[in-house]
Amino acid sequence: MAETSIEKTQILQKYLELDQRGRIIAEYVWIDGTGNLRSKGRTLKKKVTSIDQLPEWNFDGSSTNQAPGHDSDIYLKPVAFYPDPFRRGDNIVVLAACYNNDGTPNKFNHRHEAAKLFAAHKDEEIWFGLEQEYTLLDMYDNVYGWPKGGFPAPQDPYYCGVGAGKVYARDLIEAHYRACLYAGLELSGINAEVMPSQWEFQVGPCTGIELGDQLWMARYLLHRVAEEFGIKISFHPKPLKGDWNGAGCHTNVSTKEMRLPGGMKYIEQAIEKLSKRHAEHIKLYGSDNEMRLTGRHETASMTAFSSGVANRGSSIRIPRSVAKEGCGYFEDRRPASNIDPYLVTGIMCETVCGAIDSANMTKEFEREFS
Ligand code: ADP
Ligand code: MN
Ligand code: MN
Ligand code: MN
């Protein structure tokens, strides 16, 4: 009998090498009723090359907070698929959006409305790059690698840290990075954060709805990889009170106009529009964000809107290089690490590019874009 994890891995390896006889495994991934991820696998007869080859599926929504027991079927509609870095070969991971029995989007399916906004504003070619920060926890919910019952030395050497005692779990982070690239996700980079055992990966730039899809899948891969290391991932915006940085999800945005020469004019217009909807945006920018947006630790106040060039203490930052070139993108620093990216990119599109009358959209339009 296998005693050690190495022995178990050797046994598993034998089975992983077995021929699948042409069939593939599709792991369907969805967002549950509390912002966590769930997934289940199914066998498909052959390799999948386009999204419409993937069947709709369903699950018991009463077990995930998504439906009442008497009407518990929730439908999984595939919206994107990627090569599966765990099973490899032709196996895939499938991102699915949740729909109720009557065809309406499930209450936690924020993708549905966002997709309509992006479809209506297709010509603006809105790009997003999100900086997902997160914290590693051990199995007892202590910050991973911190001394038992105590604290590491104060923040300073950890941001982009190098060397023992300054960096935690580089193996897990590297594994996740590789898994994302294998899956074809647009990870633009990765770095250790200011608080020890806090990390960041950046997804983007991606156009419109694709950002939300990719970010959710990158989160899924992170949970899965971390599972293998026995480490928990927390997306809480302020996992530790006191003099430790919180975790955010800075949202970098540009439209086609902003990226072209002279684009600064459009960046300024967008910031003006954002200043008028501060409270509405904050509502969608994550729960417990008031613990993080204190005006300290590189954040701005939660109640007052501000903007500035190269200012990491403002709500919106224009990168120095963008100001110099006169075009590019801006960064919204307000979103918390636990946001639903569909909500954040959706309201951003609405504020910057304009609201749409989604109720009056044609059925064809809905079918094509949701
Ligand atoms: P920071 O200096 O704030 O830590 P990062 O390098 O972590 O910045 O993240 C910047 C993000 O901005 C990346 O995800 C990148 O892909 C994204 N980005 C770059 N150019 C654009 C653009 N034109 N539009 C939208 N996002 C962009
Ligand atoms: Mn960053
Ligand atoms: Mn960061
Ligand atoms: Mn940033």
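Values quoted throughout were computed directly from the atomic coordinates according to the rules given, and no laboratory measurement underlies them. Please read these numbers as outputs of a predicted model, since none were measured by experiment. Virtual Cβ from ideal backbone geometry, glycine too; neighbours counted across all protein chains shown.
Scanning the chain for helices, which whole DSSP H stretches are 15 Å or more long along the axis (Cα) and average -1.0 or more by Kyte-Doolittle? Numbers along the way, then the final one.
Working: long enough: 5-16 (16 Å, -0.38); 170-182 (18 Å, -0.28); 209-229 (31 Å, 0.00); 264-276 (19 Å, -0.60); 341-353 (17 Å, 1.18).
Within the chain the helices that satisfy the rule are 5-16, 170-182, 209-229, 264-276, 341-353.
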**Item:** Loop sites in the stretch 1-43: GluC sites (Glu not before Pro), DSSP, at most 10 other Cβ within 10 Å
**Value:** 3, 17
**Asked** What is the dipole size for the chain, taken about its Cα centre, with +1 at each Lys and Arg Cβ and -1 at each Asp and Glu Cβ, in debye to the nearest 20?
**Response** 340 debye
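Which entries in the list 46/77; 148/241; 148/283; 77/256 go over 28 Å, if you measure between the two C-alpha atoms of each? Walk me through the intermediate numbers first.
Numbers: 46/77 19 Å; 148/241 17 Å; 148/283 36 Å; 77/256 30 Å.
Pairs exceeding the cut-off: 148/283; 77/256.
With +1 on each Lys and Arg Cβ and -1 on each Asp and Glu Cβ, and nothing else charged, work out how big the dipole of the stretch 71-180 is about its Cα centre, in Debye to the nearest 20. Can you show the working numbers first?
Details: 11 positive and 16 negative charges, 56 e Å.
My answer is approximately 260 debye.
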**Request:** State whether the chain is rounded, prolate or oblate according to the following rule on the C-alpha gyration tensor (a ≥ b ≥ c being the square roots of its eigenvalues): a/c under 1.5 gives rounded; otherwise a/b larger than b/c gives prolate, and the remaining case gives oblate.
**Result:** oblate
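At a threshold of 8 angstrom on Cα-Cα distance, excluding pairs fewer than six apart, so keeping six or more, what relative contact order does the stretch 232-347 reach in percent?
Values: 211 pairs, mean separation 41.3, N = 116.
The value is 36 percent.
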**Item:** Share antiparallel - DSSP beta bridges, the chain, percent rounded to 5
**Value:** 90 percent
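Once you list every other residue whose beta carbon is under 14 Å from the beta carbon of residue 26, what net charge do they have if Lys and Arg are +1 and Asp and Glu are -1?
On the way: positive: 23, 40, 42, 45, 46, 47, 77, 87, 88; negative: 27, 52, 56, 84, 90.
Computed value for this residue: +4.
How much mean residue ellipticity at 222 nm does the chain get from its helices, if each DSSP H run of length 4 or more adds -39500 (n - 2.57) and you divide by all residues, to the nearest 500 deg cm²/dmol? Let's see the in-between values first.
Numbers: 10 runs with 105 residues, N = 370.
It comes out at -8500 deg cm²/dmol, rounded to the nearest 500.
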**Prompt:** How about the stretch 94-203: which trypsin sites (Lys or Arg not before Pro) there lie in a loop by DSSP and see at most 15 other Cβ atoms within 10 Å?
**Reply:** 107, 148
**Asked** Local charge sum around residue 124 (other residues, Cβ-Cβ under 12 Å, Lys/Arg +1, Asp/Glu -1)?
**Response** -1
**Item:** Reachable aspartates and glutamates from residue 107, criterion Cα separation under 18 angstrom, eight or more residues apart if same chain
**Value:** 32, 60, 71, 73, 213, 340, 366
